[in-house]
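Nothing in this text is a laboratory measurement; each read-out follows from the coordinates by a stated rule. Being a predicted model, the structure only gives us computed values, none of them experimental. Positions of Cβ are generated from backbone atoms using ideal geometry, with glycine treated the same way; all protein chains shown enter the neighbour counts.
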Amino acid sequence: MSNNCVVLYSGGMDSTVVLHYALDLFDKVTALTFDYGQRHLIELDSAERYIANLDNSKIQHINLNIKDIGQNLTSSALTNSSIDVPNVKDVLGDPQTVTYVPNRNMMFLSIAAAFAESQNASTVFYGAAQADDTSGYWDCTQSFRTLINDILSLNRRNIIKIEAPLIDLNKKQIIEMGLKYKVDFKMTHTCYHPNTYGKFKFMPRSCGVCSSCSARIAGFVNAGYIDPIEYSKQIPWQDFNCAPLY
């Protein structure tokens with residue numbers, strides 16, 4: 001195997017930290033971004049913009065269009081506009097929130113593993129994190145990763161391994177890891193329900209109340225920093241003694 005890998009890259013905070021992690025370890029990184037008909041299409045622009053600004057010759061960025069599949073997964077609020085994206089308070093204790101997209105990571109990782117095999121790569125990284133498990137995303141768990149690696153190990157010539165370097169980390173630890181790699185957090189997108197554009201013309205305001213925003217805000221509060229992105233609701237960073245990130 002050559003020293004290259006594949007990263008599932010959404011342009012979000014977690015996958016961006018994973019992208020930098022992979023760049024630190026491998027000579028070539030293929031970042032795969034999926035258009036699966038998601039309502040928060042801004043993440044596609046975010047991914048493309050971040051990689052362009054990074055300007056690193058080690059990265060190959062590929063956008064894959066599978067929206068015909070995603071738009072027919074109508075049970076998820078992320079692909080069905082008739083289902084409201086819930087606030088975090090509405091999904092507390094839910095074992096599988098309505099923002100779960102059926103078998104999304106199974107699909108993404110299967111495609112990424114096929115791509116890795118064709119590229120003679122050894123590893124596929126994805127940004128599953130501790131908060132995803134507690135939010136009800138079973139395809140972000142350690143058990144899921146173990147089982148999918150068991151399946152991939154049946155390959156008789158090229159065994160691809162799925163790695164999730166953030167899977168045991170909370171958001172505070174992920175932010176701290178990102179700072180180590182000089183991640184530009186203001187260029188990352190996390191929100192499931194972004195609103196109108198504000199002072200950052202390249203990025204809409206994040207809602208600040210969906211489960212994804214809430215986990216991000218809590219991470220920055222626990223890390224002691226002000227999140228550099230813009231939110232539609234006012235976040236009382238000063239009440240938590242948060243300092244500017246930059």
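Laid out as a table, the results:
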read-out	value
Share antiparallel - DSSP beta bridges, the chain, percent rounded to 5	10 percent
Filtered trypsin sites (Lys or Arg not before Pro), region 172-246: DSSP coil and at most 15 other beta carbons within 10 Å	LYS182, LYS199, LYS201, LYS233
Likely footprinting exposure, TRP138, TRP237, fewest C-beta neighbours within 10 Å first	TRP138, TRP237
Helix 142-152 vs. the chain, principal-axis angle (Cα, 0 to 90°, nearest 10)	30 degrees
Nearest-ten-degree value, helix 171-180 long axis tilted from longest Cα axis of the chain	70 degrees
0 to 90° range, to nearest 10: angle between helix 42-54 axis and the chain longest Cα axis	70 degrees
Contact order relative to length of region 4-181, as percent, for alpha carbon pairs under 8 angstrom and 6 or more apart	24 percent
For VAL7, distant residues with modelled amide H under 5 Å away	THR30, ALA31, LEU32, PHE125
Cubic angstrom per residue, convex hull over Cα atoms of the chain	120 Å³
Packing-based exposure ordering (other Cβ within 10 Å, fewest first) of SER122, SER15	SER122, SER15
Fewest-first sequence of LEU73, LEU41, LEU78 by Cβ atoms within 10 Å of each Cβ	LEU41, LEU73, LEU78
